[in-house]
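Beneath this line is the structure, given in structure tokens, with notes to follow.
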Amino acid sequence: MSMTIDEIGELLLRKGAAQYGGEPVSQLDHALQCAHLAEAAGESAPTMAAALLHDLGHMLRGEGVDAGGAEAPRDDLHQYIALPFLRATFDDDVLEPIRLHVDAKRYLCHIDPTYLDTLSPASVRSLQLQGGAFDAEQADRFMKNPHAQAAVRLRRYDDLAKVPGARTPSLGHFVDQLRKMNLAVVGKGSSD
């Protein structure tokens, strides 16, 4: 069930041309823009990887995963779908921001009354399916997660990564970054 970095790149190429929900960009454009924003902001390699891969769950539909579409009457839980496929390749510094990026939207709606106004119509629609804004207790519990801050930053990139025609580095650039990061993690693990 786990995917290699090459298989992830192939999935992004094969499924990435599809429109990203109700947004004016494709899945691949959204992923590349999100990763580019993270990289330009000087984020760590794991946060950049999470930015690239955060919506991979949407693309895994039709790959043996049935989670409903963008217009589904229920939340597709895409933030969880990709995790089993990525767990053997990436650690929690990548996986947790992916898992938490929907909760980060709910958190931001709770702490910032103007945040909801910045969301695209498709993101507002999905927010309703995802349970709406957090209450104070949910927001407090979210922020206790050690990966919450990275997830909030990822969420901000996610919200900005919907610009038709935006220029980004190629998918190959980011796949190379994933390979370098993965080699560093594997090397670190073998020296223990």
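The values are calculated or read from the model by the stated rules, or taken from the named source; none is laboratory data. Because the structure is predicted, anything quoted here is derived from the model rather than measured. Note: ideal-geometry Cβ built from the backbone for every residue, glycine included; neighbour counts use all protein chains shown. Just the protein is used for accessible areas: all its heavy atoms, side chains included, with ligands, DNA and RNA removed. Shrake-Rupley method; radii C 1.70, N 1.55, O 1.52, S 1.80 Å.
A few comments on the model shown:
- Scope region 102-111; condition open to solvent by 10 Å² or more (accessible area, probe 1.4 Å) and touching a residue at least 40 places away in the same chain (Cβ under 8 Å); matching residues: Asp103, Tyr107
- Residue match in region 169-192 (condition: more than 24 Å from Asp6 (Cβ to Cβ), surrounded by 18 or more Cβ atoms within 10 Å (Cβ to Cβ) and touching a residue at least 12 places away in the same chain (Cβ under 8 Å)): no
- Filtered by the rule that a residue be closer than 17 Å to Val152 by Cβ, in a helix (DSSP H, G or I), under 20 Å from the mean Cα position of the chain (by Cα) and not polar (S, T, N, Q), region 111-128 gives Tyr115, Leu116, Leu127.
- Flag not set for Glu43, criterion: modelled with pLDDT of 95 or more, surrounded by fewer than 21 Cβ atoms within 10 Å (Cβ to Cβ), part of a helix (DSSP H, G or I) and acidic (Asp, Glu).
- Selected residue (only one of Arg99, Arg14 is open to solvent by 20 Å² or more (accessible area, probe 1.4 Å), at pLDDT below 95 and in a helix (DSSP H, G or I)): Arg14
- Ala139 vs. criteria assigned to a loop (DSSP other than H, G, I, E, B), open to solvent by less than 70 Å² (accessible area, probe 1.4 Å), in contact with a helix residue (DSSP H, G or I) (Cβ under 6 Å, 6 or more places away or on another chain) and small (Gly, Ala, Ser): no
- Residues considered: Met1, Met59. Of these, the only one that is at pLDDT below 95 and surrounded by fewer than 14 Cβ atoms within 10 Å (Cβ to Cβ) is Met1.
- Within region 118-136, restricting attention to residues that are modelled with pLDDT of 95 or more and open to solvent by 30 Å² or more (accessible area, probe 1.4 Å), the residue that is nearest to Tyr20 (Cα to Cα) is Ala133.
- Scope region 17-30; condition free of Cβ contacts under 8 Å to residues at least 40 places away in the same chain and either surrounded by 19 or more Cβ atoms within 10 Å (Cβ to Cβ) or out of contact with any strand residue (DSSP E or B) (no Cβ under 8 Å at 6 or more places or on another chain) (or both); matching residues: Gln27
- Among the residues listed as Ala151, Ala166, the single one being surrounded by 13 or more Cβ atoms within 10 Å (Cβ to Cβ) and part of a loop (DSSP other than H, G, I, E, B): Ala166
- So Ala35, is it out of contact with any Lys or Arg (no Cβ under 9 Å at 6 or more places or on another chain) and either open to solvent by less than 20 Å² (accessible area, probe 1.4 Å) or in a helix (DSSP H, G or I) (or both): yes
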